[in-house]
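The values are calculated or read from the model by the stated rules, or taken from the named source; none is laboratory data. Computed from a prediction, not measured in an experiment: that's the story for all the values here. All Cβ positions, glycine included, derive from the backbone under ideal geometry; neighbour counts span all protein chains shown. SASA here: full protein model, heavy atoms, side chains in, ligands and nucleic acids out. Shrake-Rupley method; radii C 1.70, N 1.55, O 1.52, S 1.80 Å.
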Protein chains: 2
Amino acid sequence: MKKLTFKTTYADNFLGENFLSPIKKELEIAQEKIFAKTGAGSDFLGWVNLPSDYDQKELQQIKVAAKKIQKQSQTVVVLGIGGSYLGARAALEALRSPNYNQLEKKTPNIYFSGNTLSADAFAEIVAMIGQQDFSIIVISKSGTTTETAVAFRLFRKLLIDKYGRQEANQRIYAVTDKSKGVLKEMSNQEGYTTFVVPDDIGGRYSVLTAVGLLPLAIAGINLDDLLTGAQEAQKNLKKGNLQNPAWQYAGARQLLARKDKTMEVLSYYQPRFRQLSEWWKQLFGESEGKEQQGIFPASVELTTDLHSLGQYLQEGKRNLIETVLWCKKSQQTITIHEDKENLDKLSFLSGKTLDFINEQAFKATLNAHQEGGVPNFIVEIPEMNEWQLGYLFYFFEFSCALSAYLSGVNPFNQPGVEVYKQKMFKLLGKN
Amino acid sequence: MKKLTFKTTYADNFLGENFLSPIKKELEIAQEKIFAKTGAGSDFLGWVNLPSDYDQKELQQIKVAAKKIQKQSQTVVVLGIGGSYLGARAALEALRSPNYNQLEKKTPNIYFSGNTLSADAFAEIVAMIGQQDFSIIVISKSGTTTETAVAFRLFRKLLIDKYGRQEANQRIYAVTDKSKGVLKEMSNQEGYTTFVVPDDIGGRYSVLTAVGLLPLAIAGINLDDLLTGAQEAQKNLKKGNLQNPAWQYAGARQLLARKDKTMEVLSYYQPRFRQLSEWWKQLFGESEGKEQQGIFPASVELTTDLHSLGQYLQEGKRNLIETVLWCKKSQQTITIHEDKENLDKLSFLSGKTLDFINEQAFKATLNAHQEGGVPNFIVEIPEMNEWQLGYLFYFFEFSCALSAYLSGVNPFNQPGVEVYKQKMFKLLGKN
């Protein structure tokens, strides 16, 4: 199987030849921190062997629950925020479509809620569900995350009003702590079907647990292929050598960070990768953005944003790294037809596919941005399917852990997230 | 009418009292460049007096065309990229909804296309249109912008196949140069209804021309209110003094840029403002990102991203400015209901509205981020409607022009955008 490649060709003039040599020792130490569990945050390394060690019984239960939900409902509301929704949404959009709900399909609509305090966002999802049968997946380790808990109270009432409490309880699926917390207690009392958020896997590393897999199974996504792809990555990235693409990515970005590159822009050429870029932003931003350091993660959708942030990328402050997530194959093929009148002067493109034109834009942009002073990395996948996405998720997770260790921080904590929460709870009068 | 305010309260410890005094002289000069047309790019100042001087005859023609489109079609495809679509999309989502097409309404569906080379994105819009009657608005000054021209060729064929050439031509509306270019020539030959992209207004400043107004009129948006709000801003921001909120915003951000703040993050608390943040990113990024300088514009959706980039904002590299676009009123009101069992331990919020909780999150976050070392600006609007949005658009445009002049660059050119285009055309064999 052709798989992900990582290239620094368009960053050569910033990195030089054999650029990894000076950082090789550090990479070996970082790699050891991951596998010997000797680094900061080592209680949260459950994602490392997750693909190969996946609990097959749980996987089976997820598939059974998904089938049940597909039968009982035309619509599923997935409640979760941050790591409790970004992975599933990223995969749904990348593998199916950002327009998934609006396209014809045999699987239920999926709405993501519980990730905002916006009244309009909530009301609109209620309106879009309308009279359809629906089920709820609520994802929260503690059950007390405000955005998710609020949405759960509101949607649970709608469900009970519609079906009565007993049937409503059959339509609620909780992904939460294995034994404690508000949501787990509710689940026990009400008899919700539950799945576990493992103790040793943080939110941003949880896409390949029930957190991500349950919603994805409902959309008909092949979980086995997703996990097999991740397994292959697990096997490949374990190798402690300079050919390891995660070593190259983590090493290259940290070397550039030490040369005063302060931002990394993830660029991609398919709108269906937008949520993947949001998942990536959480992964890297939350893992590395601490102790007053970290490369700020931003993203641009190309070629769209070449007509927006393109000017900045080409000629702005030269503190940028650009990482291009490239996949040359769309799922559909569109060919520019002949038009003999050629009123639009576009016949130089007749017979060409959109994929071909997009690829020329990609190549031209790599050249242009490199010449403009931006080092470009390429993360290339041969096509977008479950296997490739599983590989990609793991590649980014592993690279991120390495990169954070190289920068000297704990990749797995997020102490800063509590600050606004405590202030907010005080304002809200929570004891 | 209560209107937009700009506050630096949560940036005081970075700016100090009377912070504008040292930069007052520069602001006077920048203001004069705009009104005396003595600065770089002064051929592109048509937006300054646009609200007050709007051609009433054209406005009437836009309304007539919109009514015709509403009658002839259930769906409109708007083709344009960069400044030729971001403003309309921003306004449509802010005033109606990001879920506009999926919600019940009396006005046609609106799909934005011609802004990508993705085959999947194109094919999915075709699928969503299905058998519905549709019209096309094509927006391009030259008519040769690749993404838009390609989509136009493809959609035009669909239209001709469906209706025949004569009726198809009645369903195509072009917003283009007043006299020259490929699209203008096609329009003349085929008899499309046309509107003008003025010569003296660049794409990113064009939302209040036919570029933005025609699509918005179709969605039933009140153009008069939009322009009246912008007129009020035009009147207020003309005043050359330190109470001018645009002086405060432009002055404060440039003072912080001189203290090594290299990024500005626009944060907002309503998903419907997301596209507005994309419009803002083009406006500031394309105006200021040149000559190896410029504040990089990024955005976060809160409270959503407090569980993602929140960690970075709180504790990452301290090179950030945060500008909060705040509107305390949603269009809908949702109240957390009582639940005596209180299984979810959420009854401290019973009786509270989502707007209230969102506001406490906003206040808590301002405090938290300021304490964490990020200066926060607040751009507050009392509610989101046409008038306020017209004011807001103009406020950002004016602030951006001032800010770019303060930083010493031409606010109105975008020389860097051509670089990848030339390389791409070479790869595509265009003569």
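Before moving on, here are some points about what is shown:
- Nitroxide proxy distance, nm - points 7 Å out along Cα→Cβ at B:N222 and B:T144: 4.3 nm
- Max mean-square fluctuation residue, GNM over chain B, Cα-Cα springs under 10 Å, options B:V126, B:V197, B:V265: B:V126
- Distances from B:E17 to itself in the other copies, using label points 7 Å out along the Cα-Cβ axis, amount to 6.3 nm in increasing order.
- Net charge contributed by nearby residues that have their C-beta within less than 13 Å of A:G164 (K/R +1, D/E -1): +2
- Pairing chain B with chain A buries about 10500 Å² of accessible area. This figure sums both sides and uses a 1.4 Å probe.
- When you restrict to C-alpha pairs under 8 Å that are six or more residues apart and normalise by the size of chain A, the relative contact order lands at 24 percent.
- Rule-of-thumb Rg ratio for the stretch A:319-431 [Cα; 2.2 N^0.38 Å; N residues]: 1.71
- Alpha-carbon centroid distance for the pair the stretch B:282-360 / the stretch A:91-149, whole angstrom: 19 Å
- Label zone at B:D199, where the point sits 7 Å out along the Cα-to-Cβ direction: the stretch B:152-182 residues whose backbone N lies under 17 Å: B:176-182
- Kirkwood Rh in Å, taken over all unlike Cα pairs in the stretch A:1-119: 19.1 Å
- Förster radius 60 Å - calculated FRET efficiency between B:R318 and A:F348, Cβ distance, rounded to 0.05: 0.75
- Modelled FRET efficiency - R0 56 Å, B:E58 with B:E291, Cβ distances, 0.05 increments: 0.95
- Dimensions (Å) - the protein assembly as shown, Cα atoms, principal axes, largest first: 70, 56, 56
- Other protein chain C-beta atoms within 10 Å of residue C-beta, averaged over A:362-370: 5.
- In terms of Cα atoms, the Rg and Dmax of the stretch A:105-185 work out to 12.8, 38 Å.
- Taking Cβ atoms as reference points and 14 Å as the exclusive limit, the residues near A:Q331 contribute a net charge of -1, counting Lys and Arg as +1 and Asp and Glu as -1.
- The calculated P(r) of the stretch B:191-231, using every Cα pair and 10 Å bins from 0, goes 26, 52, 21, 1 in percent.
- Diffusion coefficient, µm² s⁻¹, Stokes-Einstein with Kirkwood Rh over alpha-carbon pairs of chain B at 10 °C and 1.306 mPa s: 69 µm²/s
- Label distances, nm, A:E58 versus same residue in remaining copies, Cβ-directed 7 Å point: 6.1
- With a 10 Å cut-off around each Cβ of B:313-322, the average count of Cβ atoms from other chains is 6.
- FRET efficiency, A:Q132 to B:T38 (Cβ-Cβ, R0 41 Å, nearest 0.05): 0.10
- Residue of A:Y205, A:Y269, A:Y54 that the Gaussian network model of chain A assigns the largest fluctuation, springs spanning Cα pairs under 10 Å: A:Y54
- Teacher prompt: A:E291 distances to equivalent labels in other copies, 7 Å Cα→Cβ, nm: 3.9
- In this label model, A:K71 and B:E371 are separated by 5.2 nm, measuring between points 7 Å along each Cα→Cβ vector.
- Net charge of Cβ neighbours under 11 Å - reference A:F155; Lys, Arg +1; Asp, Glu -1: +4
- When the residues A:R165, B:R153 are ordered by accessible surface, computed with a 1.4 Å probe over the protein chains alone, the sequence from largest down reads A:R165, B:R153.
- For the stretch A:1-57: rounded, prolate or oblate by the Cα gyration tensor [a/c cutoff 1.5]: oblate
- Per principal axis, descending, Cα span of the stretch B:296-379 in whole Å: 47, 27, 18
- For the stretch A:46-159, accessible area per residue (1.4 Å probe, heavy atoms of protein chains only), Å²: 33 Å²
- Chain A versus the axis that turns it onto chain B: the residue with the nearest Cβ and the distance in whole Å amount to A:A298, 2.
- Residue by residue along A:108-119, Cβ atoms of other protein chains within 10 Å of the local Cβ number 6 on average.
- Within a Gaussian network of chain A (alpha carbon springs, distance under 10 Å), most fluctuating of A:K141, A:K317, A:K184: A:K317
- Cα centroids of the stretch B:30-90 and the stretch A:396-423: 44 Å apart.
- Residues in the stretch A:400-405 carry Karplus couplings, in order, of 5, 4, 4, 4, 5, 5 Hz; the curve used is 6.51 cos²θ - 1.76 cosθ + 1.60 with θ = phi - 60°, and Gly or Pro positions show x.
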